[in-house]
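Contents: one structure, followed by commentary.
Computed from the coordinates by the stated procedures, all read-outs in this text should not be read as laboratory data. Quick caveat: nothing in here was measured; it's all calculated off a predicted structure. Here the Cβ is made from the backbone with ideal geometry for all residues, glycine too, and neighbour counts use every protein chain on show.
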Amino acid sequence: MTRGVRVDMRFSLSLPREAPSIPVVRRVAGDALRGLGVTEDCVGDILVATSEACTNAVQHARGSGEYQVTMHVDEADCVLEIMDRGRGPRTAAPVDRGMLSESGRGLRIMRALVDELDIDPSSDRGTVVHLRKRLSWRDEALVRRLDRKLMHSAG
């Protein structure tokens, strides 16, 4: 992105494993990314992938009645972790049952929308889905405007 302005935003949400929590995650993450000046296409990809991961946590986790979402944004990337108490998929790559099969479709959607997808099924923590997406910025993004001001005042 730029050298003069550093972006470092982090937040964490602990939510009930209920379907109405998913739009809350979308709203908080989307508002934060849009406020920083991330392009709408990039925000959309992140929100769809995050929704898929949250849906899996809500539908498939066992144990605790909550799941956690953490988000870290810097100049280059948005990294999300969605953690539940489930065991995760049996395999990292779902068996392809055809284009119309719903099983594993969320994983394929996430892979198509983000730069990195990693699923860490851990017996002590539950399942953690890691999503990383390289960010693209609007020309009028706050961080770009601040960087231009800094460059003008320095030179």
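Structure above, values below:
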{"item": "Linear extension gain, Ala32 paired with Arg85, 0.36 nm per residue minus alpha-carbon span", "result": "16.4 nm"}
{"item": "Pairwise FRET efficiency - Glu18 versus Asp124, Cβ, R0 = 22 Å, nearest 0.05", "result": "0.35"}
{"item": "FRET E, pair Thr55, Asp8, Förster distance 22 Å, beta-carbon r, rounded to 0.05", "result": "0.15"}
{"item": "Inter-label distance, nm, simple model (7 Å from Cα along the C-beta direction), Arg108/Ala76", "result": "3.1 nm"}
